[in-house]
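Worksheet for the structure shown next.
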Amino acid sequence: MSHEGIRIMTKEQEAHEADAHRPLPRIAVTPAKVRVLLTEGKGLEIDWADGHKSAWSFAWLRDGCPCATCNEERNQQGRKPGQPKAKSATLLPMYTPPPRPSSAHPVGRYALQFNWQDGHSGGIYSWDYLRRSCQCAECKFAA
Ligand SMILES: [Zn+2]
C-alpha cells in the first residue's frame with residue numbers, strides 16, 4: 001500500500017514547477033568550456049554556448065548530488081539541492097573537511113560525474129541539471 005503524501009501547491013509553486021520542466025534552449029545546455037578546479041579545490045566553472053557563465057563550489061555540488069540516494073535523503077530532510085545538512089547540536093562538532101572530488105569524468109556528451117573523496121560517485125550531473133542550478137545572482141533571482 002502506498003502512503004504517498006498529497007502535495008498541495010499554490011498557483012505560484014505550480015507555475016514554478018511547470019517552469020522547471022520547460023526544456024531549455026540547446027545552446028543554454030551546451031557547454032563551450034568546462035573547468036574542474038580540482039587542484040585549487042574551488043569547484044566547477046562552465047562557460048555555456050549562449051555566453052552565460054556558471055560556477056559551483058564543490059560543497060554545493062556534493063550537497064546537490066543528483067543520484068537517487070541523495071535525492072531521497074534531501075527530500076526526507078526537506079533540503080534543496082546544494083543545501084547543506086543541518087549541523088548536529090553537539091557542543092563540539094566533528095571537523096569535516098570540505099567535500100572535494102579526487103577526479104571528474106565526462107559521461108557521454110551530456111553530463112559530468114565526480115568521484116568524491118568520501119567514496120560517493122553515483123551522481124550524474126547533466127548539463128541540463130547544472131544549467132538549471134546556476135548559482136549566479138541573475139539565475140538565482142529568477143528561480
Ligand atoms: Zn549522491
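Which residue, 43, 108, 122, has the most motion in a Gaussian network model of the chain that connects Cα atoms within less than 10 Å? Most flexible of the set in this elastic network: 108. Residues 8, 124, 27, ranked from the fewest to the most other C-beta atoms within 10 Å, line up as 8, 27, 124.
The stretch between residue 85 and residue 40, if pulled fully straight at 0.36 nm per residue, gains 13.8 nm over its current Cα-Cα span. In terms of its alpha-carbon gyration tensor, the chain comes out oblate; a/c meets the 1.5 threshold, while b/c is at least as large as a/b.
Residue order for 114, 58, fewest other beta carbons within 10 angstrom first, comes to 58, 114. For region 126-131, backbone phi angles converted through the Karplus equation (6.51, -1.76, 1.60; θ = phi - 60°) give residue-by-residue couplings of 6, 4, 4, 4, 5, 4 Hz, Gly and Pro being listed as x.
Read-outs throughout are calculated quantities, based only on the coordinates presented, and are distinct from any laboratory measurement. The shown structure was predicted, so the numbers you read here are calculated from the model rather than taken from an experiment. Cβ atoms come from the backbone with ideal geometry, glycine included; neighbour counts cover every protein chain shown.
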